[in-house]
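Worksheet for the structure shown next.
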C-alpha cells in the first residue's frame, strides 16, 4: 500500500502541489471578483468530468482483474469513451449559452467552449492513465502528470505576466495580435486547455493501444457496475465543489462583484486544506488498484483495517500541521483581503478528514458489486449539502458552505461505516481512531486558548510545534507494535519512546 501510494500518489501530489502553487500567483494577479469567476468555473468542471468519464476508471480496475476480460475491457471501454466524449463535447458547445447562464457567466460563453475541450481531452486521457497504473509504470505516469502541470504554469505565467509586459513595451509585437488584456480568467482556461492537449499527446501510445473491438455483453456489465458510480460521483461533486456555485446563487452580498469576491475568498481559503486534500488524492491513486488486488488474497479485511489505522493517524498529524500553523499558511493567499475567510479552514480540514475515511470505507460496496449503495450514500450527503446551503447561505455566507461540507462528509462516513459493517465486516479499530480525531481537535482548541493570551507569533508557533510533537510521540507509543512491524520505521523505534 505504501509503495503504491508513494509511486502513484506522490506523483499526483507533486502535480497537484505545483498546480496549487498557482494560487498565490492567481490571487495576486486576478482581482477578487475575477478570482471568484475562476472559482465558479472550476467548481463546475468536476461535474462535467464525472459525466464524461462515467465511472470507467473504477470499472476498468474491477473487470481487468478477470482473466476472461483482460483483453476486451480496455478495448470496449475506450471505444465507449471515444463515442461518448465526442457526443457530449458537441452537445456542450451547442448549449454553451445555457451553461454560461447557469453559472452566471453570461458575458463569457467562450469559457464554456474551452472548458468543453479541456474536459474532453482529460476524459480521453483518463483510461490511458488507469492503464499505466494497472501495468505498474509509475515513472511515465509521474512524468506525464508533472510535465502537464509545468506546461500549465508556464503558459499561465506567459499569458498573465509576459504578454502584458510585451504589450507595454512593444505594443506592435506580432505576439499580441490575438491577445486581449481584459480576458483574464480566459487565459487561465486556455493554459489549462494547452496542458490537457499536451498530456493527451504524451499518452498517445497508451491511448491508441486499443483495438476497434467492442464487446457488447461486457459493456453492459461495465455500465451496470459504473452507472451508480456516476450518481455517486455527481453527488460527490455537489458535496465537494457545488457549494461555490450555490454561494454565487444565494449570497445576499449587495453587488455582483461582492458576490464573486465572497466566492473567491471561500475558494482560496478552501485550498488551505492542501496537505490533507493532496494526501487523500495520493491515497486514492494508490488505494483503488491495491484494494482490488488484495481482495483476491486471504483475509483482506485485516489489511483494510490496518490501512485505515495508518491513514487516520497520518491525516490527524496533517490536521495539526495546517490548523496550528494557519498564520503561516495564510500567506499562501497573496490577497490579504481574503484572509477574512480563514475561519473556515479548520472546519474544512475536519470535513476532508471525514471524506478520506469515507474513501477507505467505500471499498465494501465496490468489492461486493453494490455500487448503488455508494450512490445512495452520496446522494444523501448531497441533499444535506443543498438543504444546509439553501437555508443558511443568505444569513451566514461561506460559513454555511463550510459547515454544510462538514456535516455532509461526516454523515456519509457514519452511514458507510454502519452499512458496510453489515454487508462486508472489516475489523476497524474505530474507538481508537475516533479517540485520535477527538484528541487533535482538543489540541487545536487548547492552542486557540494559548494564542488568546497574546505573547507573540513565535511563541504561538513554538507551542503549536510542541503540541504536534506530543501527539506524534503519543501515537508512536500507543501503536508501538504496529509501527515496529513496518520495515522502514520499526528499526528506528526503541521498545519505549518515552
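Things worth noting here:
- For the chain, the mean residue ellipticity at 222 nm estimated from helices alone is -25000 deg cm²/dmol, where every DSSP H run of n ≥ 4 contributes -39500 (n - 2.57) and the total is divided by all residues, rounded to the nearest 500.
- Once both labels are positioned 7 Å from their Cα atoms along Cα-to-Cβ, the gap between residue 169 and residue 414 label points is 6.1 nm.
- Remark: 419, 212, 364 ranked as 212, 419, 364, counting other beta-carbon atoms within 10 Å and listing the fewest first.
- Taking the centroid of alpha carbons for each part, segment 388-446 and segment 215-273 are 19 Å apart.
- Here the chain has an Rg and Dmax of 23.2, 73 Å, counting Cα atoms alone.
- Normalising the average separation of contacting C-alpha pairs (under 8 angstrom, six or more residues apart) by the number of residues puts the relative contact order of the chain at 22 percent.
- Each residue, residue 399 and residue 302, gets one label point 7 Å from its Cα in the Cβ direction; the gap between the two is 5.0 nm.
- Packing-based exposure ordering (other Cβ within 10 Å, fewest first) of 398, 225: 225, 398
- When peptides 107-117, 39-49 are sorted by average Cβ neighbour count within 10 Å, with the highest value leading, the order is 39-49, 107-117.
- Here the simple spin-label model places points 7 Å from the Cα toward Cβ, and for residue 432 and residue 391 these points are separated by 3.8 nm.
Every number here is computed from the coordinates shown, using simple stated rules; none is lab data. Owing to the predicted nature of the structure, the values given are computational and were not obtained by experimental measurement. Quick reminder, even Gly has a Cβ in these numbers, built from the backbone with ideal geometry, and neighbours come from all protein chains shown.
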